[in-house]
Amino acid sequence: MTEAAQVPTAGVAMTAIGVAVIRARESLRPDRLYDDPFAQLFVDAAKPFFGQRWDRLLPLVDMFFDGRTIGVRLIDDHVDDAVRHGIRQVVIVGAGLDTRAFRMDLPADTRFFELDLPVTFDFKEPILQRAGVIPRYERQVLPVDLREEWAEPLLAQGFRPEEPTHWVDEGVLGYLTRADAQRVVEKITELSAPGSRFGVAKFAVDADTGPYPELRRLVSGDDATPGEPGGLGPDAGNWLIANGWNTEFRTWDEMVAGYDRPGATGDPTNGTIFAVRR
(Lines give C-alpha, C1' and ligand atoms only; values in the text may rest on other atoms or scores of the structure.)
Protein backbone atom coordinates (compact mmCIF):
# COMPACT_ATOMS: atom_id res chain seq x y z
CA MET A 1 0.00 0.00 0.00
CA THR A 2 1.38 3.42 -0.89
CA GLU A 3 1.57 6.24 1.61
CA ALA A 4 -0.94 8.20 -0.44
CA ALA A 5 -3.46 5.38 -0.18
CA GLN A 6 -3.19 5.52 3.61
CA VAL A 7 -4.29 9.15 3.90
CA PRO A 8 -8.03 9.34 4.74
CA THR A 9 -9.10 12.01 2.23
CA ALA A 10 -12.73 10.84 2.03
CA GLY A 11 -15.34 9.17 4.19
CA VAL A 12 -15.92 9.64 7.90
CA ALA A 13 -12.22 9.04 8.63
CA MET A 14 -11.46 12.25 6.74
CA THR A 15 -13.16 14.33 9.43
CA ALA A 16 -10.30 13.45 11.78
CA ILE A 17 -8.00 15.52 9.57
CA GLY A 18 -10.25 18.55 10.00
CA VAL A 19 -10.23 18.13 13.77
CA ALA A 20 -6.42 17.86 13.69
CA VAL A 21 -6.30 21.21 11.85
CA ILE A 22 -8.44 22.69 14.63
CA ARG A 23 -6.21 21.28 17.35
CA ALA A 24 -3.08 22.51 15.60
CA ARG A 25 -4.53 26.02 15.30
CA GLU A 26 -5.61 26.08 18.92
CA SER A 27 -2.15 24.98 20.07
CA LEU A 28 -0.58 28.06 18.43
CA ARG A 29 -2.75 30.53 20.35
CA PRO A 30 -1.23 32.35 23.34
CA ASP A 31 -4.56 31.81 25.14
CA ARG A 32 -4.81 28.16 24.05
CA LEU A 33 -7.26 25.90 25.82
CA TYR A 34 -4.91 22.91 25.40
CA ASP A 35 -1.61 22.10 23.74
CA ASP A 36 -1.49 19.31 21.18
CA PRO A 37 2.06 19.31 19.76
CA PHE A 38 1.27 16.29 17.56
CA ALA A 39 -1.71 17.64 15.62
CA GLN A 40 0.50 19.52 13.16
CA LEU A 41 2.27 16.26 12.28
CA PHE A 42 -1.00 14.87 10.95
CA VAL A 43 -1.87 18.08 9.13
CA ASP A 44 1.51 18.26 7.39
CA ALA A 45 1.31 14.60 6.35
CA ALA A 46 -2.25 14.82 5.01
CA LYS A 47 -2.30 18.16 3.17
CA PRO A 48 -0.29 17.11 0.07
CA PHE A 49 -2.77 14.31 -0.69
CA PHE A 50 -5.98 16.36 -0.51
CA GLY A 51 -5.45 18.48 -3.61
CA GLN A 52 -8.40 20.82 -4.21
CA ARG A 53 -10.35 19.14 -1.42
CA TRP A 54 -8.05 20.93 1.03
CA ASP A 55 -9.46 24.26 -0.17
CA ARG A 56 -12.93 22.94 0.59
CA LEU A 57 -11.92 21.57 3.99
CA LEU A 58 -10.43 24.78 5.40
CA PRO A 59 -13.62 26.91 5.23
CA LEU A 60 -15.42 24.16 7.15
CA VAL A 61 -12.65 24.20 9.74
CA ASP A 62 -13.19 27.95 10.10
CA MET A 63 -16.92 27.52 10.61
CA PHE A 64 -16.63 24.70 13.14
CA PHE A 65 -13.56 26.00 14.95
CA ASP A 66 -15.09 27.83 17.92
CA GLY A 67 -17.40 25.04 19.01
CA ARG A 68 -15.13 22.15 18.13
CA THR A 69 -12.03 23.44 19.89
CA ILE A 70 -13.99 24.07 23.10
CA GLY A 71 -15.34 20.54 22.71
CA VAL A 72 -11.80 19.14 22.74
CA ARG A 73 -11.08 20.96 25.99
CA LEU A 74 -14.35 19.82 27.53
CA ILE A 75 -13.51 16.19 26.85
CA ASP A 76 -10.01 16.72 28.25
CA ASP A 77 -11.64 18.02 31.41
CA HIS A 78 -14.06 15.09 31.57
CA VAL A 79 -11.21 12.59 31.23
CA ASP A 80 -9.24 14.42 33.90
CA ASP A 81 -12.24 14.44 36.25
CA ALA A 82 -12.86 10.72 35.72
CA VAL A 83 -9.31 9.71 36.59
CA ARG A 84 -9.27 12.05 39.59
CA HIS A 85 -12.27 10.06 40.82
CA GLY A 86 -10.43 6.77 40.49
CA ILE A 87 -11.19 5.61 36.95
CA ARG A 88 -8.05 4.37 35.21
CA GLN A 89 -9.51 2.84 32.03
CA VAL A 90 -10.33 5.19 29.14
CA VAL A 91 -11.86 3.93 25.88
CA ILE A 92 -12.05 6.40 22.99
CA VAL A 93 -14.74 5.26 20.59
CA GLY A 94 -14.02 6.63 17.13
CA ALA A 95 -10.62 7.89 18.25
CA GLY A 96 -9.59 9.50 14.98
CA LEU A 97 -6.26 11.30 15.42
CA ASP A 98 -6.72 11.70 19.17
CA THR A 99 -3.47 12.16 21.12
CA ARG A 100 -4.66 12.28 24.73
CA ALA A 101 -2.51 9.27 25.64
CA PHE A 102 0.51 11.32 24.54
CA ARG A 103 -0.28 14.81 25.79
CA MET A 104 -2.43 14.71 28.94
CA ASP A 105 -1.05 14.84 32.48
CA LEU A 106 -2.73 11.89 34.22
CA PRO A 107 -1.81 9.23 36.79
CA ALA A 108 0.82 6.84 35.46
CA ASP A 109 -1.48 3.80 35.70
CA THR A 110 -4.09 5.26 33.33
CA ARG A 111 -4.81 2.95 30.39
CA PHE A 112 -6.08 4.05 26.96
CA PHE A 113 -7.89 2.02 24.33
CA GLU A 114 -8.48 3.65 20.94
CA LEU A 115 -11.10 2.24 18.54
CA ASP A 116 -11.42 3.38 14.95
CA LEU A 117 -11.41 2.23 11.34
CA PRO A 118 -8.25 0.54 10.03
CA VAL A 119 -7.70 3.35 7.50
CA THR A 120 -7.38 5.82 10.37
CA PHE A 121 -4.63 3.88 12.11
CA ASP A 122 -2.91 3.11 8.80
CA PHE A 123 -2.37 6.86 8.59
CA LYS A 124 -1.93 7.72 12.26
CA GLU A 125 0.48 5.13 13.62
CA PRO A 126 3.33 5.50 11.08
CA ILE A 127 3.35 9.27 11.63
CA LEU A 128 3.67 8.90 15.38
CA GLN A 129 6.33 6.23 14.97
CA ARG A 130 8.40 8.30 12.54
CA ALA A 131 8.24 11.23 14.95
CA GLY A 132 9.51 8.98 17.73
CA VAL A 133 6.76 9.98 20.13
CA ILE A 134 5.95 7.56 22.93
CA PRO A 135 2.64 7.47 24.83
CA ARG A 136 2.77 8.49 28.46
CA TYR A 137 0.42 5.68 29.41
CA GLU A 138 -0.43 2.16 28.35
CA ARG A 139 -2.13 2.51 24.97
CA GLN A 140 -3.87 -0.12 22.89
CA VAL A 141 -5.01 0.52 19.31
CA LEU A 142 -7.92 -1.45 17.85
CA PRO A 143 -8.59 -1.12 14.10
CA VAL A 144 -12.30 -2.02 14.07
CA ASP A 145 -15.57 -1.04 12.46
CA LEU A 146 -18.03 -0.20 15.24
CA ARG A 147 -20.84 -1.63 13.12
CA GLU A 148 -19.16 -5.02 13.41
CA GLU A 149 -17.73 -7.03 16.30
CA TRP A 150 -15.41 -4.95 18.46
CA ALA A 151 -15.98 -6.11 22.02
CA GLU A 152 -13.97 -9.33 21.69
CA PRO A 153 -10.92 -7.55 20.22
CA LEU A 154 -11.17 -5.02 23.05
CA LEU A 155 -11.19 -7.76 25.67
CA ALA A 156 -8.32 -9.51 23.90
CA GLN A 157 -6.23 -6.34 24.21
CA GLY A 158 -6.54 -6.39 27.99
CA PHE A 159 -9.70 -4.38 28.64
CA ARG A 160 -11.03 -5.18 32.13
CA PRO A 161 -14.84 -5.10 32.23
CA GLU A 162 -14.83 -5.55 36.00
CA GLU A 163 -13.25 -2.10 36.40
CA PRO A 164 -15.07 1.20 35.84
CA THR A 165 -14.39 2.81 32.48
CA HIS A 166 -14.58 6.31 31.08
CA TRP A 167 -15.98 6.04 27.54
CA VAL A 168 -15.29 8.92 25.14
CA ASP A 169 -17.34 9.67 22.03
CA GLU A 170 -16.42 12.88 20.19
CA GLY A 171 -19.14 12.47 17.60
CA VAL A 172 -18.80 9.09 15.92
CA LEU A 173 -22.24 7.92 17.08
CA GLY A 174 -23.80 10.67 14.99
CA TYR A 175 -22.36 9.08 11.85
CA LEU A 176 -23.98 5.72 12.65
CA THR A 177 -27.60 4.84 12.00
CA ARG A 178 -29.88 4.89 15.01
CA ALA A 179 -29.88 1.08 15.17
CA ASP A 180 -26.09 0.83 14.90
CA ALA A 181 -25.55 3.56 17.49
CA GLN A 182 -27.86 1.79 19.92
CA ARG A 183 -26.05 -1.50 19.35
CA VAL A 184 -22.73 0.19 20.13
CA VAL A 185 -24.05 1.67 23.36
CA GLU A 186 -25.72 -1.60 24.33
CA LYS A 187 -22.29 -3.24 24.05
CA ILE A 188 -20.71 -0.39 26.03
CA THR A 189 -23.33 -1.02 28.70
CA GLU A 190 -22.50 -4.72 28.85
CA LEU A 191 -18.80 -3.92 29.25
CA SER A 192 -19.28 -1.21 31.88
CA ALA A 193 -18.80 -1.89 35.56
CA PRO A 194 -20.84 0.21 38.02
CA GLY A 195 -19.46 3.73 38.19
CA SER A 196 -18.43 3.79 34.53
CA ARG A 197 -19.02 7.07 32.74
CA PHE A 198 -20.27 7.96 29.29
CA GLY A 199 -21.25 11.27 27.69
CA VAL A 200 -23.69 11.70 24.80
CA ALA A 201 -23.87 15.02 22.96
CA LYS A 202 -27.36 16.33 22.26
CA PHE A 203 -27.62 19.05 19.62
CA ALA A 204 -30.43 20.24 17.38
CA VAL A 205 -28.82 20.37 13.93
CA ASP A 206 -30.48 21.12 10.61
CA ALA A 207 -28.55 18.98 8.15
CA ASP A 208 -29.69 21.17 5.25
CA THR A 209 -28.40 24.52 6.53
CA GLY A 210 -25.12 26.19 7.44
CA PRO A 211 -21.94 24.18 6.95
CA TYR A 212 -23.62 20.78 7.17
CA PRO A 213 -24.52 20.23 3.50
CA GLU A 214 -20.92 20.95 2.44
CA LEU A 215 -19.58 18.70 5.21
CA ARG A 216 -21.88 15.92 3.99
CA ARG A 217 -20.72 16.39 0.40
CA LEU A 218 -17.07 16.42 1.38
CA VAL A 219 -17.42 13.26 3.49
CA SER A 220 -19.81 11.26 1.30
CA GLY A 221 -19.49 12.77 -2.17
CA ASP A 222 -21.02 15.68 -4.03
CA ASP A 223 -24.13 13.69 -4.88
CA ALA A 224 -24.78 12.72 -1.26
CA THR A 225 -28.19 13.41 0.22
CA PRO A 226 -29.16 13.36 3.91
CA GLY A 227 -29.52 9.85 5.24
CA GLU A 228 -31.63 8.66 8.12
CA PRO A 229 -30.99 10.39 11.46
CA GLY A 230 -28.03 8.95 13.35
CA GLY A 231 -26.96 8.73 16.96
CA LEU A 232 -29.14 7.74 19.89
CA GLY A 233 -31.82 10.25 18.97
CA PRO A 234 -33.81 12.89 20.85
CA ASP A 235 -34.88 10.41 23.53
CA ALA A 236 -31.28 9.40 24.34
CA GLY A 237 -31.57 10.31 28.02
CA ASN A 238 -34.56 8.07 28.67
CA TRP A 239 -33.03 5.33 26.52
CA LEU A 240 -29.86 5.37 28.65
CA ILE A 241 -31.87 5.30 31.88
CA ALA A 242 -33.85 2.32 30.63
CA ASN A 243 -30.60 0.57 29.75
CA GLY A 244 -28.89 0.83 33.13
CA TRP A 245 -27.47 4.36 33.42
CA ASN A 246 -28.20 7.31 35.68
CA THR A 247 -28.11 10.54 33.73
CA GLU A 248 -27.68 14.28 34.17
CA PHE A 249 -28.08 16.85 31.39
CA ARG A 250 -25.85 19.91 31.23
CA THR A 251 -26.43 22.61 28.66
CA TRP A 252 -23.68 23.52 26.22
CA ASP A 253 -23.81 27.19 27.25
CA GLU A 254 -23.39 26.24 30.91
CA MET A 255 -20.35 24.08 30.12
CA VAL A 256 -18.53 26.63 27.94
CA ALA A 257 -19.28 29.71 30.05
CA GLY A 258 -15.96 29.55 31.91
CA TYR A 259 -13.68 29.44 28.88
CA ASP A 260 -14.00 33.06 27.68
CA ARG A 261 -14.48 31.98 24.07
CA PRO A 262 -17.30 32.42 21.56
CA GLY A 263 -19.37 29.31 21.24
CA ALA A 264 -22.62 29.74 23.18
CA THR A 265 -25.63 28.64 21.16
CA GLY A 266 -28.42 30.22 23.19
CA ASP A 267 -30.35 26.95 22.90
CA PRO A 268 -31.01 25.25 26.27
CA THR A 269 -31.69 21.95 24.53
CA ASN A 270 -28.08 21.70 23.31
CA GLY A 271 -25.65 20.02 25.64
CA THR A 272 -24.38 16.70 26.93
CA ILE A 273 -26.09 13.83 28.69
CA PHE A 274 -23.68 12.61 31.34
CA ALA A 275 -24.35 8.98 32.20
CA VAL A 276 -23.04 6.86 35.08
CA ARG A 277 -23.51 3.10 35.04
CA ARG A 278 -25.71 1.77 37.82
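The values are calculated or read from the model by the stated rules, or taken from the named source; none is laboratory data. These figures come from a predicted structure and were not determined experimentally. Quick reminder, even Gly has a Cβ in these numbers, built from the backbone with ideal geometry, and neighbours come from all protein chains shown. Heavy atoms of the whole protein, side chains included, go into the accessibility calculation; ligands, DNA and RNA do not. Shrake-Rupley method; radii C 1.70, N 1.55, O 1.52, S 1.80 Å.
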Kindly indicate whether Val276 is surrounded by 13 or more Cβ atoms within 10 Å (Cβ to Cβ) and of a type in the set (A, V, I, L, M, F, W, C). yes
Positions within the range 28-50 being more than 18 Å from the chain's Cα centre (by Cα), part of a helix (DSSP H, G or I) and without any contact (Cβ under 8 Å) to a residue 24 or more places away in the chain, in sequence order: Leu28, Asp44, Lys47, Pro48
Only unsatisfied item for Gly237, checking (1) in a helix (DSSP H, G or I); (2) more than 30 Å from Glu162 (Cβ to Cβ); (3) free of Cβ contacts under 8 Å to residues at least 40 places away in the same chain, is (2)
May I ask you to list the residues in the range 128-142 that are open to solvent by 10 Å² or more (accessible area, probe 1.4 Å) and on the phi < 0 side of the Ramachandran plot? Gln129, Arg130, Ala131, Val133, Ile134, Pro135, Arg136, Tyr137, Glu138, Arg139, Gln140, Val141
Which of the following residues is of a type in the set (A, V, I, L, M) and modelled with pLDDT of 95 or more: Val12, Val7, Val21? Val21
Among the residues listed as Glu214, Glu248, Glu228, the single one being surrounded by 13 or more Cβ atoms within 10 Å (Cβ to Cβ) and acidic (Asp, Glu): Glu214
Hey, among the residues in the range 251-263 that are outside any helix (DSSP H, G or I) and open to solvent by less than 50 Å² (accessible area, probe 1.4 Å), which one's nearest to Val200 (Cα to Cα)? Thr251
Report the residue count in the range 165-181 for those that are among the polar types (S, T, N, Q) and surrounded by fewer than 23 Cβ atoms within 10 Å (Cβ to Cβ). 1
Being at pLDDT 95 or above, under 21 Å from the mean Cα position of the chain (by Cα) and in a helix (DSSP H, G or I), is that true of even one residue in the range 264-276? no
